[in-house]
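Worksheet: one structure, shown below.
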Amino acid sequence: MGYMEPGNPDKRLRWYAAIMLIVVVAFTAKLAEFQIVRAGEINAVSKEKRSVTRVIPAVRGEILDSSGAVLARSVTRYDINAAPINVKPITRTVNGQDIEISVEQQATEVAAVLSMQPADVLAKISGTSSYANIKKSVPAAVYRALKKIDLPWMFYDPIMSRVYPDGAVGGNLLGFIGQDGTPLAGLERQYNTCLAGVDGKETFERGATDGIRIPSSAVVSKTVKNGNNIVLTINADLQYFSQQVLTNAVRDLNADWASALVIEAKTGKILVAAEAPSVDPNAFWKSNAADRGSRIFQATFEPGSTLKTVTAATLVDQGKATPSTHVIAPFSLRLPWGQTIQDSHKHGNDKLTLTGVLRDSSNTGIVKLGSRVDTATRYNYLKLFGLGEKTDVNFEGESGGVLHQWQQWDKLTDKVSMFGQGISVTPIQTAFLYQTIANGGVRLQPTLVEGCQDASGNIKSTATRPGVRAISATTARSTIDMLEKVVEQGGIGRTAGISGYRVAGKSGTAQIQQGSGYGYLHAISFIGMAPAEDPRYVVAVTIYKSRKVSNSIGATPPFKRILSQVLRTYRVPPSTTKSANIPTTW
């Protein structure tokens, strides 16, 4: 029987040692490769997987009224997110004791703050994903309440949201912002270069296991630059009051819309640009599309008898008539080629002065006197008064109205243009016909935006063209004197008077074109100024397609209410002088 010789233990140990040495050397070499040779590459890959780059949104500038009241501002809202993979029971210390809070309890707490159902929250935070949105765009107060709950699996994305504190006040002017932050209309879009600012950019790291942002890791690669403000000439309180007046007028008269402008006569500043219906930029989609723009700058219509004032001023400025010039004004006037024009109500052959023609709003009287001035000259005066061109406000979609070259007028247009037919205007244009007269004959460009205001409060003023002299100061004074008699003695004009103040103004009732002719509805207006001895403010009210009243008697109550409020707001003292003694008949 044979036996195997026992092995040599020392030899086996040497073999094991050799093998172990080889393994250690191999591991050491690989470790050296990872930690020394490829350390930079591996760190870069690792950081790339942990790093997140996000845009730091610029804060959009505010829109302010003339006193600094905020009409539009940006606020930070938050998207509420979760990392479902990290959702699990947590321990919370209450009164010195550690209490386990289940996932269901956590969902209930979150739901209470977000005004959601616990089951809906639980469904969103279930699963193994690293991201789930629970609710979008919540206010800062809700965000702060959630932060107090302190759930490790919850994180937040700040977003900028536009807020209009006064709702529909000035909404037709302000415009609105889309959900993605894009300005969609109005001054928001027109002045986006001033308001928008420049977004920044930052990169930060998130924890590998919990996905939570590491606070100390943020690196700003592009500094955010917040937007500037725009300052309007609008008085927000007067704007609100005027919109309320117009809303009531549209309702009471069953009209399509109404507008009101208040102009500072000597500066051209627009203190009120009110419309009804208006639009609330906070929820613009709830308004009809037709009500989201500004009809003050965009809507056109024939001005009607408010343009007789320009014809009268032209006559005086050309030396062809005075406020006391006589004319016999019949009810109907047959023109040489057979067509006729008529006054709004039947009467005999009235013996009127030019002042009386304005007081009674006589079409026949103004045509008989206005024909003393040739067509080209009358057209040039209309241009001097600003008709046929856009204003320097350059509001988006603004119309310049329609004023064809006088050579294109037919014989009838040549005559009816004297009392506001055959021409179309916007509400802003009609208001500045009377601003010109109130300002001693100099037409200024309207100012709606004072300028762009930087963070230091410095304002870069909006550029406007210099004023244009349309008529002489003497003519302007004579025209105001005539308009005072309209308010003192006119059948409709008397309803626009304000106790204690000298008021000058003119009514307008314009037929609205329908097809190739005119329909039965009208654009009714009253435009005036006060105090007439030294006009400071012009108020222009237009009501479109009133179905209850077909003449401008419907426009004088809102005119009177708005002008009265303007005089109170700016503490204009009552008049202490009397109007000029001008005859209206002979």
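Among the residues of segment 183-202, are any out of contact with any strand residue (DSSP E or B) (no Cβ under 8 Å at 6 or more places or on another chain), at pLDDT 80 or above, in a helix (DSSP H, G or I) and surrounded by fewer than 17 Cβ atoms within 10 Å (Cβ to Cβ)?
Yes; the residues of segment 183-202 include at least one that is out of contact with any strand residue (DSSP E or B) (no Cβ under 8 Å at 6 or more places or on another chain), at pLDDT 80 or above, in a helix (DSSP H, G or I) and surrounded by fewer than 17 Cβ atoms within 10 Å (Cβ to Cβ).
Show the residue pairs meeting these rules: Cβ distance below 6 Å; 6+ apart or different chains; first residue within segment 346-375 and outside the structural domain of Phe419 (by TED's automatic domain parsing); second residue assigned to a strand (DSSP E or B).
Going by the 6 Å Cβ cut-off, there are no qualifying pairs.
Looking at segment 289-305, which of the residues that are surrounded by 24 or more Cβ atoms within 10 Å (Cβ to Cβ) and over 17 Å from Gln513 (Cβ atoms) is nearest to the chain's Cα centre (by Cα)?
Only one residue tops the list, namely Ser294.
Hey, could you check segment 157-171 for residues that are small (Gly, Ala, Ser) and part of a loop (DSSP other than H, G, I, E, B) and say which is nearest to Ala140 (Cα to Cα)?
Top of the filtered list is Gly167.
Just to verify a result, which residue in segment 469-488, among those that are part of a loop (DSSP other than H, G, I, E, B) and of a type outside the set (Val, Ile, Thr), is nearest to the chain's Cα centre (by Cα)?
Residues of segment 469-488 part of a loop (DSSP other than H, G, I, E, B): 470-472.
Checking the rest, the ones that are also of a type outside the set (Val, Ile, Thr) come to 470, 472.
Details: Ala470: 31, Ser472: 36 Å.
Ranking the qualifying residues of segment 469-488, first place goes to Ala470.
If you go through segment 455-466 one residue at a time, do you hit one that is touching a Leu at 6+ places or on another chain (Cβ under 7 Å) and hydrophobic (A, V, I, L, M, F, W, C)? Quick ask: steps written out before the conclusion?
Let us first name the residues in segment 455-466 that are touching a Leu at 6+ places or on another chain (Cβ under 7 Å), namely none.
No, that holds for no residue.
Determine whether Ile582 is surrounded by fewer than 21 Cβ atoms within 10 Å (Cβ to Cβ) and in contact (Cβ under 8 Å) with a residue 60 or more places away in the chain. Steps first, please.
Values: surrounded by fewer than 21 Cβ atoms within 10 Å (Cβ to Cβ): yes; in contact (Cβ under 8 Å) with a residue 60 or more places away in the chain: yes.
Yes; evaluated as a whole, the condition is true for this residue.
Checking Gly127 against (1) in contact (Cβ under 8 Å) with a residue 24 or more places away in the chain; (2) within 30 Å of Asn226 (Cβ to Cβ), which test does it fail?
(2)
Can Thr108 be described as in a helix (DSSP H, G or I) and of a type in the set (Val, Ile, Thr)? Break it down stepwise before answering.
Values: in a helix (DSSP H, G or I): yes; of a type in the set (Val, Ile, Thr): yes.
Criteria met by Thr108.
Within segment 60-73, count every residue that is touching a helix residue (DSSP H, G or I) at 6+ places or on another chain (Cβ under 9 Å) and either of a type outside the set (A, V, I, L, M, F, W, C) or outside any strand (DSSP E or B) (or both).
Residues flagged as touching a helix residue (DSSP H, G or I) at 6+ places or on another chain (Cβ under 9 Å) and either of a type outside the set (A, V, I, L, M, F, W, C) or outside any strand (DSSP E or B) (or both) within segment 60-73 amount to 7.
Counting only residues that are outside any loop (DSSP other than H, G, I, E, B) and either free of Cβ contacts under 8 Å to residues at least 60 places away in the same chain or within 22 Å of Gly268 (Cβ to Cβ) (or both), how many does segment 232-242 have? Please lay out each step first, then the result.
Of all residues in segment 232-242, those outside any loop (DSSP other than H, G, I, E, B) come to 232, 236-242.
Checking the rest, the ones that are also either free of Cβ contacts under 8 Å to residues at least 60 places away in the same chain or within 22 Å of Gly268 (Cβ to Cβ) (or both) come to 232, 236-239, 241-242.
Here the count works out to 7.
Check Ile459 against each of (1) out of contact with any Lys or Arg (no Cβ under 8 Å at 6 or more places or on another chain); (2) closer than 21 Å to Leu261 by Cα and name the one condition it does not meet.
(2)
When segment 495-532 is examined, which residues are found to be closer than 26 Å to Ala473 by Cα and surrounded by fewer than 17 Cβ atoms within 10 Å (Cβ to Cβ)?
Gly500
Which one of Ser74, Ser102, Ser130, Ser137 is in contact with an Asp or Glu (Cβ under 8 Å, 6 or more places away or on another chain), modelled with pLDDT under 95, of a type outside the set (Lys, Arg) and surrounded by fewer than 16 Cβ atoms within 10 Å (Cβ to Cβ)?
Step by step, each of Ser74, Ser102, Ser130, Ser137 is checked, and only Ser137 is in contact with an Asp or Glu (Cβ under 8 Å, 6 or more places away or on another chain), modelled with pLDDT under 95, of a type outside the set (Lys, Arg) and surrounded by fewer than 16 Cβ atoms within 10 Å (Cβ to Cβ).
Just give me the residues in segment 394-441 being farther than 19 Å from Thr314 by Cβ and among the acidic types (Asp, Glu), in sequence order.
Of everything in segment 394-441, those that are farther than 19 Å from Thr314 by Cβ and among the acidic types (Asp, Glu) turn out to be Glu396, Glu398, Asp410.
Could you grab me the full set of residues in segment 133-156 that are hydrophobic (A, V, I, L, M, F, W, C) and part of a strand (DSSP E or B)?
Taking segment 133-156 as the starting set, the residues that turn out to be hydrophobic (A, V, I, L, M, F, W, C) are 134, 138, 140-142, 145-146, 149, 151, 153-155.
Selection gives Ile134, Val138, Met154, Phe155.
State whether the residues of segment 350-364 include one that is surrounded by fewer than 19 Cβ atoms within 10 Å (Cβ to Cβ) and closer than 20 Å to Ile423 by Cβ.
Taking every residue of segment 350-364 in turn, none turns out to be surrounded by fewer than 19 Cβ atoms within 10 Å (Cβ to Cβ) and closer than 20 Å to Ile423 by Cβ.
Of all the residues that make up segment 332-345, how many are touching a residue at least 24 places away in the same chain (Cβ under 8 Å) and surrounded by fewer than 18 Cβ atoms within 10 Å (Cβ to Cβ)?
Pass one, segment 332-345, residues touching a residue at least 24 places away in the same chain (Cβ under 8 Å): 332-333, 335, 337, 339, 341, 344.
Subset that is surrounded by fewer than 18 Cβ atoms within 10 Å (Cβ to Cβ): 332, 335, 337, 339, 344.
Counting residues in segment 332-345 that are touching a residue at least 24 places away in the same chain (Cβ under 8 Å) and surrounded by fewer than 18 Cβ atoms within 10 Å (Cβ to Cβ) gives 5.
Does segment 283-299 contain any residue that is outside the structural domain of Leu173 (by TED's automatic domain parsing), of a type in the set (Phe, Trp, Tyr) and more than 21 Å from Ile428 (Cα to Cα)?
Quick first cut of segment 283-299, residues outside the structural domain of Leu173 (by TED's automatic domain parsing) only: 283-299.
Now narrow it down to the ones that are of a type in the set (Phe, Trp, Tyr): 284-285, 297.
After this cut, where a residue has to be more than 21 Å from Ile428 (Cα to Cα) as well, the list is 284-285.
Checked against the condition, which is being outside the structural domain of Leu173 (by TED's automatic domain parsing), of a type in the set (Phe, Trp, Tyr) and more than 21 Å from Ile428 (Cα to Cα), segment 283-299 yields at least one hit.
Taking only pairs six or more apart or across chains, which ones have beta-carbon atoms under 9 Å, a first residue in segment 86-114 that is touching a residue at least 12 places away in the same chain (Cβ under 8 Å), and a second residue that is of a type in the set (S, T, N, Q) and surrounded by 12 or more Cβ atoms within 10 Å (Cβ to Cβ)?
Asn86/Ser130; Val87/Gln106; Val87/Ser126; Pro89/Gln105; Pro89/Gln106; Ile90/Gln106; Val103/Ser126
Residues are listed down the side, and each one gets a yes or a no for (1) outside any loop (DSSP other than H, G, I, E, B); (2) buried (at least 17 other Cβ atoms within 10 Å of the Cβ):
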| residue | (1), (2) |
| --- | --- |
| Lys390 | no, no |
| Phe395 | no, yes |
| Leu412 | yes, no |
| Ser417 | yes, yes |
| Ala431 | yes, yes |
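Need the failing condition index for His347 against (1) assigned to a loop (DSSP other than H, G, I, E, B); (2) under 44 Å from the mean Cα position of the chain (by Cα), just the number.
His347 satisfies all of (1) assigned to a loop (DSSP other than H, G, I, E, B); (2) under 44 Å from the mean Cα position of the chain (by Cα) except (2).
Consider Ala463 against the criteria (1) part of a loop (DSSP other than H, G, I, E, B); (2) in contact with a Gly (Cβ under 8 Å, 6 or more places away or on another chain); (3) among the aliphatic types (A, V, I, L, M): it satisfies all of them except one. Which criterion is unmet?
So Ala463 meets the others, but not (2).
Identify the residue in segment 443-459 that is out of contact with any helix residue (DSSP H, G or I) (no Cβ under 8 Å at 6 or more places or on another chain) and not small (Gly, Ala, Ser) and, among all such residues, is nearest to Tyr381 (Cα to Cα).
Taking segment 443-459 and keeping what is out of contact with any helix residue (DSSP H, G or I) (no Cβ under 8 Å at 6 or more places or on another chain), we get 445, 447, 450-451, 453-459.
The next check asks that each one be not small (Gly, Ala, Ser); those that pass are 445, 447, 450, 453-454, 458-459.
Working: Gln445: 16, Thr447: 22, Glu450: 29, Gln453: 37, Asp454: 41, Asn458: 39, Ile459: 35 Å.
Here the answer is Gln445.
The values are calculated or read from the model by the stated rules, or taken from the named source; none is laboratory data. No experiment lies behind these values; they were computed from the predicted model shown. Methodologically, a virtual Cβ is constructed for each residue, glycine included, from the backbone with ideal geometry; neighbour enumeration extends over all protein chains shown.
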